[in-house]
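Take a look at the structure set out below.
The values are calculated or read from the model by the stated rules, or taken from the named source; none is laboratory data. Worth saying up front: this structure is predicted, and the values here are computed from it rather than measured. Cβ sites come from the backbone with ideal geometry, for glycine too, and all protein chains shown count toward neighbours. Accessible surface is based on the protein model in full, side chains and every heavy atom, while ligands, DNA and RNA are left aside. Shrake-Rupley method; radii C 1.70, N 1.55, O 1.52, S 1.80 Å.
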Amino acid sequence: MGGTGSDQTMNLTLNVWRQKNRRAEGEFVTYEAKDINPDMSFLEMLDVVNEHLISRGEEPIAFDHDCREGICGQCGIVINGSPHGPRGATTTCQLHMRSFHNGDVLTLEPWRANAFPVIKDLMVDRGAFDRIVAAGGFITAPTGNAPEANSVPVPKENADLAMDAAACIGCGACVAACPNASAMLFVAAKASHLNLLPQGQPERSRRVLGMVERMDGEGFGGCTNHGECEAACPKEISIKFIARMNRDHHKASLLRIFS
Amino acid sequence: MNAVAPAATPARSAPNRLSRLIGSTIGLKLVMAVTGVILSGFVLGHMAGNLKIFEGTEAMASYARLLRFEPALLWLVRLVLLASVVLHIVAWLQLFKRNQEARPKAYRQTTRKEADYASLTMRFSGPFLLLFIIYHLGHLTTGTFHPNFKELDPYHNLVTGLRVLPVAVFYLLAMAALALHLWHGVWSLFQTLGAAQSKQASFARGFATIFTLVVVLGFAAVPLSIMLGIVK
Ligand code: HEM
Ligand code: FES
C-alpha cells in the first residue's frame, strides 16, 4: 500500500477509554489528535497523541502492540464499535489514517469481555487464550531434529485448510466482536489446525474436549452463529471452522459417553 | 503467573460424561439444534395438514379423525413436542445467562457487520412463538379461548375462529416471527450440528430460505383465505 502522496494533514477527536488498573472504574476522556499524516498507522497516530500527553505531564494512553506488521496479534482496539477498525482483514497496527476523514470523531474502547480483564486503558489480559491452548492446543511429540519433510503425507486439501486455520494470530478480535463475547472462532482455529493434520490425530478427542472445557471455564459466552467474529478477524478465518469444531466435539463427547 | 489448567480429566460414569456434554456451551447449543430439528419438522407437517382446509369440511374432519386414530400415538407425539419446547427453552435460558455474564460491561458503540435482523431477534421471535403456541392450543385444540368451539369440527373452528380480525392479525404476526426464527434457525442448526457452511452462500442458507418460505406461506394462506372470504 503506497501513501496518499497528500500533504494534507487531518484533525480528529478521540473519545478514549481510560482506566488506571484492573480494579478502577474507567471512563471516556476526549482528546484532540491534530496534524495527523494520513499515511500514519493508527498506532503511530496514538504515538503522536501520547507524545503530546507526555510533554504536558499527563499519563500516556496505554495500548498493546509489538510487531506492527499484522503478524503478532498483540494490538487491538475497538474503533467506533469495530474491533481493529472499519477495514476488513486488517489489524489495528496495519490500519492507516487514510481510512478516516478529517474531522472524524472516533470512539476507542478495549476488547470487552469478562474473560479479558482490562489491565490499563486499552490493554486487556488475554491469558485466557494461553490457558485454552495449554489445555490441548499442542501435540505431544518428542523433540529433536526436524523430521524429513514429506515423510508424513498430508492431503493437499487438508494442508490448505490447516494453513487457513493456523493463520490465527490470537488477537482476540473474534471475542471482542461477538455479541456473546464467545471465543469459539479462536478455539475452533487452534483445535482445527491440529485436528486436520496427521500429527494431531492421536490427541484429537482429548484436544477438543479439553480446550472447550477450558473455554467455558474462562467465562466466554456461547456461539449464536451471528458471524460477527469472521467479519472482524484480521486473518479472515471462516466460521466453517466453528462447525468443524462442533462436529469434533460432538464426536469426542459421544465417544466419551459410550466408551 | 497463571497456572496451566489441567487437560480434561477423565469422567468416571456415563451419566457424568453426558452431563458434561450437555453442560458445555456446545452441548447446550446441540440441544437447541436437535429440538429445533424436531420442531421444524413438526411445523412443516402441520402446515401441510392445514392445507386440507382447501379441500373442504369433510377432508378436514377426516384428517382430524386420522390424527386421533391412535390416542397413544397422538399423546406420544404431543409428549415429544412438549419435551422439545421445554428443552429448547431451558437450554436457551442457560446459554443466555452465560452470554450475558460473558460481557458485563457493554460497548459504548457497536457496529454490526454480519449479524442480521433475524439472528439478532431470535430472543424475541422465540418467546413470541411461545406466547402464540399457548394461545393457539387454547384457541384451536382445547377451545378455551374460542367463542364458538365444536369438538372434532376443525373446519368450523378454523373458519369461525379466524374470521375475527384481531385473531387473524395475531396469527399472521406469529407467522412473521416464525419466518424470522426459521430463517436464522434452520441455517444455524447446520452450523451447530457440524456441517461446515458459509453464512452468505451455502446449501444450508438456500435450504433455510426455501424451507421458511414454504412453511410460512403455507401457514399464512389459511388465515388470509378466511379473511378474504375465499374459504367460508
Ligand atoms: C415453532 C417452534 C420453534 C421452532 C421450529 C424453533 C426452531 C429453532 C431452531 C431451528 C433454532 C436454531 C438452533 C441452532 O442454532 O442450532 C432455534 C434457535 C432459537 N430458539 Fe427456537 N424454535 C421454536 C420455538 C422457540 C421458542 C418457543 C423459543 C423461546 C421461548 C425459542 C427460542 C430460541 C432462541 C432464543 C434461539 C437462538 C439460540 C441461539 O442462537 O443460541 N424458540 N429455534
Ligand atoms: S502489533 Fe503485531 S499484529 Fe498488530
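Return the calculated 222 nm mean residue ellipticity for chain B, to the nearest 500 deg cm²/dmol, obtained by summing -39500 (n - 2.57) across DSSP H runs with n ≥ 4 and dividing by the residue count.
-23500 deg cm²/dmol
Starting from the residue with the highest accessible area, list B:Lys199, A:Lys240, B:Lys97 in decreasing order, probe 1.4 Å.
Result, largest first: B:Lys97, A:Lys240, B:Lys199.
Give me a comma-separated list of calculated 3J(HN,Hα) values for segment B:154-160, in order, Karplus coefficients 6.51, -1.76, 1.60 applied at θ = phi - 60°, integers in Hz, x for any Gly or Pro.
Running phi through 6.51 cos²θ - 1.76 cosθ + 1.60 with θ = phi - 60° gives x, 4, 4, 4, 5, 5, 6 Hz.
Need one value for A:204-216: mean number of C-beta atoms belonging to other chains within 10 Å of its residues' C-beta atoms.
Whole-number average of other-chain Cβ neighbours for A:204-216 is 4.
Between B:Tyr135 and B:Arg65, what FRET efficiency follows from the Cβ-Cβ distance if R0 is 30 Å, with the result rounded to 0.05?
0.75
For chain A, what's the relative contact order in percent, using C-alpha pairs closer than 8 Å and at least 6 residues apart?
19 percent
Using the membrane-span-like helix rule (whole DSSP H runs, Cα extent along the own axis of at least 24 Å, mean Kyte-Doolittle hydropathy at least -0.5), which helices of chain A qualify?
Once both thresholds are applied, what remains is A:240-258.
Counting only the heavy atoms of the protein chains, how much of A:Arg87 is accessible to a 1.4 Å probe, in Å² to the nearest 10?
Surface accessible to solvent at A:Arg87 totals approximately 100 Å².
Taking only C-alpha pairs under 8 Å that are 6+ residues apart, what is the relative contact order of segment A:102-173 in percent?
23 percent
Using helices alone, what [θ] at 222 nm do you get for chain A, with -39,500 (n - 2.57) per DSSP H run of 4 or more residues, divided over all residues and rounded to the nearest 500?
Only helices count here, giving -10500 deg cm²/dmol.
Which of rounded, prolate or oblate describes the protein assembly as shown when judged by the alpha-carbon gyration tensor and an a/c cut-off of 1.5?
Prolate.
For all pairs of alpha-carbon atoms in segment A:1-154, what percent lies in each bin of width 10 Å, listed from the first bin to the last filled one?
Answer for segment A:1-154: a P(r) of 10, 33, 29, 13, 9, 5, 0 percent.
Using 0.36 nm per residue, how much length does the chain from A:Thr13 to A:Leu254 gain when fully extended, once their Cα-Cα distance is taken away?
81.3 nm
Over 32 Å between Cα atoms: which of A:Lys190/B:Lys105; A:Lys120/A:Lys240; B:Lys52/B:Lys113; B:Lys29/B:Lys52; B:Lys29/B:Lys150; B:Lys52/B:Lys97 fall into that group?
A:Lys120/A:Lys240; B:Lys52/B:Lys113; B:Lys29/B:Lys52; B:Lys29/B:Lys150; B:Lys52/B:Lys97, as the Cα separations exceed 32 Å there.
If the elastic network links every pair of Cα atoms under 10 Å, which of A:Pro202, A:Pro86, A:Pro142 fluctuates the most in the Gaussian network model of chain A?
A:Pro142
Most fluctuating residue of A:Phe138, A:Phe129, A:Phe42 in a GNM of chain A with Cα springs under 10 Å: which is it?
Maximum fluctuation in the GNM of chain A, among the listed residues, is at A:Phe138.
How high is the relative contact order of chain B? Use alpha-carbon pairs under 8 Å, at least six apart in sequence, and give a whole percent.
Once normalised by length, the contact order is 25 percent.
Name the residue from A:Phe138, A:Ile54, A:Gly103 whose Cα lies farthest towards the positive end of the charge dipole of the protein assembly as shown, charges +1 on Cβ of Lys and Arg and -1 on Cβ of Asp and Glu.
Of the candidates, A:Phe138 comes out farthest on the positive side.
I need the calculated FRET efficiency for the pair A:Ile71 and B:Leu213, taking r as the beta carbon distance and R₀ as 60 Å, to the nearest 0.05.
Given R0 = 60 Å and the Cβ-Cβ separation, E is 0.85.
With each pseudo-label sitting 7 Å past Cα toward Cβ, what's the B:Ser19-B:Phe42 distance in nm, one decimal?
About 2.7 nm separates the two model spin labels.
Please compute the average number of Cβ atoms from other chains found within 10 Å of each residue's Cβ in peptide A:224-236.
Going residue by residue through A:224-236 and averaging, the value is 6.
Among B:His181, A:Gly127, B:Thr111, which residue has its Cα furthest toward the positive end of the charge dipole of the protein assembly as shown, with +1 on Lys/Arg Cβ and -1 on Asp/Glu Cβ?
B:His181
First check a/c for segment A:6-72, with a ≥ b ≥ c the square roots of the eigenvalues of its C-alpha gyration tensor; if it is under 1.5, answer rounded, and if not, answer prolate when a/b is larger than b/c or oblate otherwise.
oblate
Give the Cα extents of chain B along the principal axes, in whole Å, largest first.
Its Cα atoms span 75, 46, 33 Å along the three principal axes.
Which whole-number value in Å³ per residue fits the convex hull of the alpha carbons of chain A?
Cα-based convex hull of chain A, divided per residue, equals 160 Å³.
Just to be sure I understand the model, the point goes 7 Å from the Cα along the line to the Cβ. What's the resulting A:Val29 to A:Lys156 distance in nm?
5.7 nm
Anyone know which of A:Lys235, A:Lys34, A:Lys190 comes out most mobile in the 10 Å Cα GNM of chain A?
Checking each option, the largest mean-square fluctuation is seen for A:Lys34.
Can you list the residues of segment A:164-204 with backbone N under 16 Å from a point 7 Å past the Cα of A:Ile139, pointing along Cα to Cβ?
Within reach of a label on A:Ile139: A:164-167, A:190-204.
Roughly how many debye, to the nearest 20, is the charge dipole of segment A:10-119 about its Cα centre, given +1 on each Lys and Arg Cβ, -1 on each Asp and Glu Cβ, and no other charges?
320 debye
Assuming R0 = 25 Å, what is the FRET efficiency of B:Thr160 and B:Thr121, from their Cβ-Cβ distance, to the nearest 0.05?
That pair, B:Thr160 with B:Thr121, gives E of 0.15.
Give me the inter-chain shielding for B:191-201: mean count of other chain Cβ atoms within 10 Å, whole number please.
Mean partner shielding for this stretch: 6.
Starting from the residue with the highest accessible area, list B:Leu152, A:Leu46 in decreasing order, probe 1.4 Å.
So, going from the largest accessible area down, we get B:Leu152, A:Leu46.
Label B:Leu82 and A:Glu44 with points 7 Å out from Cα along Cα→Cβ: what is the distance between them in nm?
6.9 nm
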